[in-house]
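For reference, the structure is listed below as structure tokens.
The values are calculated or read from the model by the stated rules, or taken from the named source; none is laboratory data. Keep in mind the model is a prediction, meaning the values are calculated, not measured. Quick reminder, even Gly has a Cβ in these numbers, built from the backbone with ideal geometry, and neighbours come from all protein chains shown. Areas reflect the complete protein model, heavy atoms only, side chains present, ligands, DNA and RNA absent. Shrake-Rupley method; radii C 1.70, N 1.55, O 1.52, S 1.80 Å.
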Amino acid sequence: MSPRDRDRAENPASIEQLLAAKEIIVFCGSGGVGKTSVAAAAALGAATRLGGKVLVLTIDPARRLASALGLEGLGNAANRVPDDALKRAGLEPRGELWAAMLDTKQSWDDLVLRHAKDEETAYRILENRLYHNLTARFVQSHDYIAMERLFELHSSGEYDLIVIDTPPTRNAIDFLEAPARMAEFFGSRLLRWLTLPYRVGGRRGTRVLNVASKPFYQIADRILGSKFLQDIAEFFMSFQTMYEGFVDRARSVERLLHDRRTTFAVVTTLEAAPLHEAEQFCVELRNRKFHLGALVMNKTLPDYLLDPAGDAAAGAFCDDAGALADALASLDEPALADRSRTARVLRTVGESFRNFAVVAKREAELRAELDRGPEVTVRIPNFEVDIGDVSGLAAIANYLYS
Amino acid sequence: MASAPTLLDRRLLFFTGKGGVGKSTMAAATAVLAAQQGRRVLLVEVDAKGDVTRLFEQAPVGFTPREIQPGILAMSMDTEASLQEYLKLNLKVPVLGRLGPLAKVLDFVATAAPGVKEILTVGKIAWEVREAIEGRADHDMVIVDAAATGHIVAQLGAPDAIQELVDVGPVRAQTQWMSELLSDPEICAVNIVTTPEEMPVAETIELVGRIRTELHTPLGAVIVNRVLPELFTTADEATFEALREEQATEILASRAGPGTTAVLDGARLAVSLRRTRAVHLAHLLDSVDLPLLYVPYLFVRSHGLRVTRMVADALGQELGL
């Protein structure tokens, strides 16, 4: 590899170059920025430009997008998007596009069944009400399981590239820490300490006398009631039988995220709150030594709104509306015959341009600030219609891969 | 629309919605309105991202409330501090010092027993409301910049869920009054913020259904944020279309200059963006029988106190204030 090639591999100029050297790309960003569509478009673009077998793992797609990808009612199974669907959208597939959704509950159950030492233990866990709560309601469990599924799919070796959309988290960085937290949690001495009195005392009901001498149990009993503690203990004792497999797994997931084959893309709109979060997210990724490959600015306004000539014309529309309406009335066009109406429409048009130009200027300033990072930066316009089919995704992909 | 004006009469208002729709802004704007009405508001930020204080151009706040505007006290939720406070107030626990690193224990218990973090959050909020009702607090109402749609049901349902799990003890007794407070329509309302876009609308409809079936918490209003202006009436639109015909555009360009096409394209964009959103708005109207409040899209250069006030004004108009 010549120095120049190496330079290009490490500082790719486009998403296409970036993905040519990667096996996983993780799309992240705060809620509402269009992560899911961008991730799906990135996968579509890879399947049509780079070739190979490309999978998009999506967390919570809009219904129309799910149906466009053939994902309705599929649970955890991956589905191949038929070539016909791509051809109908005017695309020539070079590779295969696959899509899968994340079924959190199903994924947890699979994990338990895989790691439990026998069927009885597995079912004891699956039926525990704390397990049910943990997997169904606990937000962090979604973070972990998404990364776990990613690992599972990657190690199947079936796909050349996996594009993953991240779950909506309270803090975008939560999911990065999820594997480490899970490993730490199940390996924790604290866990053993907490379940100790119950382990010594054996199964449900029998308590060890010296428990009362430990302040923690005293307090926990007073706050939570001992039955609840017993439930917790029982759950963790069952879970501990899977300890080694589980912790190994969580560590492997973490290694994979740090691997050179994995890259991250941060998606944001040019609005204050998401942008602030995106900037923080970039910093966190770098601090944690993850590979930040791309920054996607989504739903941006078009450049013509920044055109000074446009600004001048909008001024004329507003200020000279009467004269312009008079001139237009000379055309043989009934819709332009009513001069006061025409003048009103012209003013509205001019004002609307000025309004949007204010926002476009703000965006341009923010964009200039964002453009300084080493990663690929891509800008995607605000489409006038909702993206809900393969052609829509192809339109996004055109910008992503431009 | 009948119940909308009573929004500010309640003691406890939650603002939830899909990420990115502007729930912090609406919570902050409602606090501004309430303060204008002479109320003292405790504004609680649950996600601790600092969005709320940024909206007032103030330094971040911690667990201890600070007055960031006349009549508005702000605090940021911290479950560990909430637990400390709870233990101190309710159990008179003398051994706090011996517990060791409380954070680690809490993290552990919270991870082990889902609902613990939620109950510490909701518990603190409910406690502040009760203090207000009984006249012991520095505020008389509580406005919560709450968790997003994916998490709010677990949060508001925490007292009920804990009651299912915990059979006896002080926790059960504590959660009882919280449940009652959270289900009292005279006291509490959950408001859902949305934008006229596909996913936020879908999540709003789903959340209304979930709150009705899974919780006893009363619903307040749905606030539709970033509503684009309707530029033209049908007749005006025909005139606009005529302007985009070649001859008309030529006349305009000869007088208004080469930027004419950009200006017409800009209006075209505004019209189609509005039209796409109208479909979602219609879907929302058909599916949700709650009062809808509309806040226009604001064409502004930056976000901050000035914008928070503009949103408050728009919301105030919708509320008939």
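Just the residues that are in contact with a Leu (Cβ under 8 Å, 6 or more places away or on another chain) and part of a loop (DSSP other than H, G, I, E, B), please, taken from region B:261-311.
Selection gives B:L290, B:Y297, B:H303, B:G304.
For the subset of region A:141-171 comprising residues that are open to solvent by 40 Å² or more (accessible area, probe 1.4 Å) and within 13 Å of another protein chain (Cβ to nearest Cβ), which member is modelled with the lowest pLDDT?
Step by step, filter region A:141-171, then rank; the result is A:R170.
Tell me, which residue of region B:253-280 that is more than 7 Å from chain A (Cβ to nearest Cβ) and open to solvent by 60 Å² or more (accessible area, probe 1.4 Å) is nearest to A:V345 (Cα to Cα)? I'd like the intermediate steps shown before the answer.
Just the residues of region B:253-280 that are more than 7 Å from chain A (Cβ to nearest Cβ), to begin with: B:253-254, B:261, B:268, B:271, B:274-275, B:277-280.
Next, from what is left, pick out any that are open to solvent by 60 Å² or more (accessible area, probe 1.4 Å): B:254, B:261, B:275, B:279.
Details: B:S254: 18, B:T261: 15, B:R275: 18, B:V279: 24 Å.
Checking each candidate, the answer is B:T261.
Please verify whether B:L284 is at pLDDT 95 or above, facing another protein chain (nearest Cβ under 7 Å) and buried (at least 16 other Cβ atoms within 10 Å of the Cβ), treating the condition exactly as stated.
No, not satisfied.
In region B:65-83, what count of residues is obtained for those that are in contact with a helix residue (DSSP H, G or I) (Cβ under 7 Å, 6 or more places away or on another chain) and assigned to a strand (DSSP E or B)?
Initial filter on region B:65-83 (in contact with a helix residue (DSSP H, G or I) (Cβ under 7 Å, 6 or more places away or on another chain)): B:68-72, B:74, B:77, B:79-80, B:82-83.
Those left that are additionally assigned to a strand (DSSP E or B): B:68-69, B:72, B:74.
Counting residues in region B:65-83 that are in contact with a helix residue (DSSP H, G or I) (Cβ under 7 Å, 6 or more places away or on another chain) and assigned to a strand (DSSP E or B) gives 4.
Quick check on my filter: what residues within region A:354-391 are crowded, with 21+ Cβ neighbours inside 10 Å, within 14 Å of chain B (Cβ to nearest Cβ) and under 22 Å from the mean Cα position of the chain (by Cα)?
Residue satisfying the conditions is A:I387 alone.
Among the residues of region A:336-353, write down those that are more than 11 Å from A:F317 (Cα to Cα), touching an Asp or Glu at 6+ places or on another chain (Cβ under 8 Å) and either of a type in the set (V, I, T) or within 8 Å of chain B (Cβ to nearest Cβ) (or both).
A:R341
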